[in-house]
Amino acid sequence: ITHPDDLESDMASVNMLLAKEIESYTMEKRYIHKDGHIVWIALNVSLVWNADGTPKHFIAQIQDIDERKKSDKQILDTNEALKIAKEEATRANVMKSEFLANMSHEIRTPLNGVIGAADLLANTETTHHQNKYLQIITRSGETLLALINDILDLSKIEAGELEINPEPIAIREIVREVMQSISPRANSKNIELVVDFEGNVPSRVMADSVRINQVLMNLLGNAVKFVEKGYITVEVSEIKTQDDLITLRFEIRDTGIGISEDKLESIFDKFSQADASTTKKYGGTGLGLAITQKLVQIMGGEIHVNSQLGVGTTFWFEITVPVVIERDEEKRLVMLESIHDLHVLLVDDMKIIRDSLTTALQRLNVDNKSAASAKTGLSLLESNFEQGKAFDVAIIDFEMPNMKGPEMAKIIRANPDLKDTKLILITALGKDQADEMNIDHYVETGLFDAFMLKPINTHDLRQKLYEMTLAERTVETIKKNDSDVKDKNLGARILLVENEMVNQMVATGMLEGFGCRVDLAENGQEAVNKLRASKANYDIVLMDCMMPVMDGFDATMEIRRYEAEKRAVPQIIIAMTANAMAGEKEKCLKSGMDDYLSKPVREEDLYLKLKQYLKS
């Protein structure tokens with residue numbers, strides 16, 4: 001029995017044969033078996049005619065295609081399933097991105113209030129105990145912020161949205177900044193930091209400074225976390241050079257708890273810890289190394305690890321980057337020529353520091369000796385003077401047993417034979433700790449000629465020794481970074497567009513601390529109304545993006561339309577948004593905003609951004 005769905009098309013083809021419109025036809029059709037199941041066949045039909053032109057009989061060829069149809073159906077079903085799965089994955093990825101963007105905003109908004117308020121409170125008069133609690137709040141807030149950033153980064157990487165932005169960068173500067181950022185945590189655990197650059201490492205290369213910084217911060221942060229005592233070293237070396245490309249190797253070695261061999265294979269997996277017990281003792285989510293590996297791979301490199309339980313761990317990664325032609329080669333040669341006749345004494349109780357600085361001085365072709373204590377150092381200074389081989393410079397550690405660096409310096413200054421020796425104080429204290437302890441006082445009073453923060457690399461040492469040769473005695477005053485916002489008066493008129501009360505209070509407190517006059521708008525529509533009613537433009541508008549009534553994007557576009565109608569001077573508008581997803585900055589700029597700040601907004605970042613536009 002022919003399947004009812006095929007009968008109509010079958011009869012239509014027969015009628016066309018009878019009308020001599022076609023000579024034959026082929027079709028796939030179904031028959032109903034006597035037991036009820038459907039059988040597929042391929043049917044080819046033609047018509048034989050009598051001599052008088054009347055139809056004589058049909059010729060039909062039938063082929064069983066039931067198995068092929070079943071196979072075709074399976075393929076179609078599979079393709080359809082794959083298509084549906086792909087569409088669902090795309091929808092899920094979009095939903096995940098939207099969810100992360102929303103969660104980022106929702107978490108960053110109160111976090112902005114927490115960190116910002118702590119910053120403001122730290123600038124007021126507080127007791128010692130209150131300061132301790134403020135430090136806990138700040139550290140906890142920054143830890144939470146780092147976790148949010150890790151999750152967002154991982155999401156961007158998996159979605160293929162994370163981009164690499166190569167630019168000419170100074171590798172030494174990046175490593176130095178990372179080491180100085182990590183040094184307060186290392187110093188609090190009495191961990192020595194050592195940095196070493198091989199002589200052939202170029203000063204500048206084309207690479208993404210943000211991503212290299214992030215990889216180094218993750219690896220060094222892990223090292224500090226898992227080292228109870230000892231040291232952490234960062235070595236940067238050249239692996240190979242081909243044309244204008246160089247392969248750099250970054251090696252981070254520590255004396256920490258180590259990783260068992262059976263855990264090394266999974267160390268870069270997401271949410272993985274070498275040992276579950278480490279999470280309880282040291283904290284962490286296991287995201288850092290997974291992100292680190294992906295970042296290195298995105299930069300075209302590879303990362304590896306070696307470790308031994310109870311001995312320590314070595315991570316190293318390699319990236320190949322273009323070399324930027326040295327423009328200051330002549331200046332470098334002048335420096336080397338100026339310092340190669342110097343005779344330098346190193347005084348530090350840590351052997352690894354003495355070895356590191358000795359290596360650096362040897363690369364600079366500077367004659368040097370070392371001492372493990374202040375007492376030995378003083379003996380060397382005196383004996384060499386008596387032999388007519390006085391040291392030109394003494395590099396002295398701040399914190400040593402029995403006699404500290406400043407005590408040693410006082411003895412040197414009191415000795416008529418040694419008092420003119422150039423003295424450089426070195427310390428493992430971070431910049432903030434050095435400021436708190438007023439270390440620069442030793443330089444201002446002339447006890448030391450200069451001081452340097454550990455870790456010290458060859459480039460910085462060369463620069464400092466060169467400075468020592470420029471004058472008989474150089475009193476080097478350590479100035480606070482220009483980013484220090486204290487006692488800065490911008491005197492600007494600011495419109496703050498923000499609907500969250502806590503963020504209003506935090507931002508207003510920061511702005512008033514800069515000497516700014518602040519007007520407040522609680523949504524985009526209110527901001528538009530204020531700008532239309534204002535007789536004089538605000539110097540800057542700080543615009544939140546996600547607000548009720550009218551968001552920051554629509555408000556900015558409305559402001560730009562109004563300015564075009566009135567031919568008014570464009571208002572400077574800077575976004576302050578808690579959404580840190582890829583493309584957010586571009587979205588802000590596309591709407592007509594001039595710039596972008598990501599929440600939580602730090603006092604220093606806000607000051608620098610305002611200063612940038614108020615100058616221009």
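The values are calculated or read from the model by the stated rules, or taken from the named source; none is laboratory data. These numbers were taken from a predicted model, which means no experiment stands behind them. Glycine also receives a Cβ, built like all others from the backbone with ideal geometry; neighbour counts cover every protein chain displayed. To get the accessible areas, we keep the full protein, side chains included, count just its heavy atoms, and leave off ligands, DNA and RNA. Shrake-Rupley method; radii C 1.70, N 1.55, O 1.52, S 1.80 Å.
Scanning segment 549-567 turns up no residue that is surrounded by fewer than 16 Cβ atoms within 10 Å (Cβ to Cβ), in a loop (DSSP other than H, G, I, E, B), touching a residue at least 12 places away in the same chain (Cβ under 8 Å) and not β-branched (Val, Ile, Thr).
Out of all the residues in segment 14-48, which are hydroxyl-bearing (Ser, Thr, Tyr) and either modelled with pLDDT of 85 or more or open to solvent by 80 Å² or more (accessible area, probe 1.4 Å) (or both)? Correct list: 24, 25, 26, 46.
Among the numbered conditions (1) in contact with a strand residue (DSSP E or B) (Cβ under 7 Å, 6 or more places away or on another chain); (2) small (Gly, Ala, Ser); (3) open to solvent by 60 Å² or more (accessible area, probe 1.4 Å), the only one that residue 51 does not meet is (1). Kindly indicate whether residue 115 is within 23 Å of the chain's Cα centre (by Cα), aliphatic (A, V, I, L, M) and modelled with pLDDT of 75 or more. Taking the combined requirement at face value, the residue satisfies it.
Quick grid of which residues meet (1) of a type outside the set (D, E, K, R); (2) out of contact with any strand residue (DSSP E or B) (no Cβ under 8 Å at 6 or more places or on another chain); (3) surrounded by fewer than 16 Cβ atoms within 10 Å (Cβ to Cβ); (4) more than 20 Å from residue 190 (Cα to Cα):
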{"site": "375", "(1), (2), (3), (4)": "no, yes, yes, yes"}
{"site": "380", "(1), (2), (3), (4)": "yes, no, no, yes"}
{"site": "391", "(1), (2), (3), (4)": "yes, no, no, yes"}
{"site": "421", "(1), (2), (3), (4)": "yes, no, no, yes"}
{"site": "426", "(1), (2), (3), (4)": "yes, no, no, no"}
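Residues of segment 164-182 that are in contact with a Lys or Arg (Cβ under 7 Å, 6 or more places away or on another chain) and either assigned to a helix (DSSP H, G or I) or without any contact (Cβ under 8 Å) to a residue 12 or more places away in the chain (or both): 180 alone.
Residue-level check: of (1) surrounded by fewer than 19 Cβ atoms within 10 Å (Cβ to Cβ); (2) in contact with a strand residue (DSSP E or B) (Cβ under 9 Å, 6 or more places away or on another chain); (3) part of a helix (DSSP H, G or I), residue 217 misses just (2).
Can you spot a residue in segment 596-605 that is within 23 Å of the chain's Cα centre (by Cα), surrounded by 21 or more Cβ atoms within 10 Å (Cβ to Cβ), modelled with pLDDT of 90 or more and not charged (D, E, K, R)? No; the residues of segment 596-605 include none that is within 23 Å of the chain's Cα centre (by Cα), surrounded by 21 or more Cβ atoms within 10 Å (Cβ to Cβ), modelled with pLDDT of 90 or more and not charged (D, E, K, R).
The set of residues in segment 183-203 that are surrounded by 19 or more Cβ atoms within 10 Å (Cβ to Cβ) and either free of Cβ contacts under 8 Å to residues at least 40 places away in the same chain or part of a strand (DSSP E or B) (or both) comprises 191, 192, 193, 194, 195, 196, 197.
Of the numbered criteria (1) under 30 Å from residue 202 (Cβ atoms); (2) modelled with pLDDT under 85; (3) surrounded by 12 or more Cβ atoms within 10 Å (Cβ to Cβ), the one residue 251 fails is (2).
Scanning segment 130-155 for residues that are more than 19 Å from residue 117 (Cα to Cα) and either at pLDDT 75 or above or of a type outside the set (A, V, I, L, M, F, W, C) (or both) yields 149, 150, 153, 155.
In this structure, does residue 569 turn out to be of a type in the set (Val, Ile, Thr), out of contact with any Cys (no Cβ under 8 Å at 6 or more places or on another chain) and under 26 Å from residue 141 (Cα atoms)? Judged against the criteria, residue 569 is not a match. Taking the criterion of being part of a helix (DSSP H, G or I) and under 36 Å from the mean Cα position of the chain (by Cα), the residues of segment 527-548 that qualify are 527, 528.
Residue pairs whose Cβ atoms lie under 6 Å apart, separated by 6 or more positions or on different chains, with the first residue in segment 45-66 and free of Cβ contacts under 8 Å to residues at least 24 places away in the same chain and the second surrounded by 10 or more Cβ atoms within 10 Å (Cβ to Cβ) and of a type in the set (Phe, Trp, Tyr), are 56/49.
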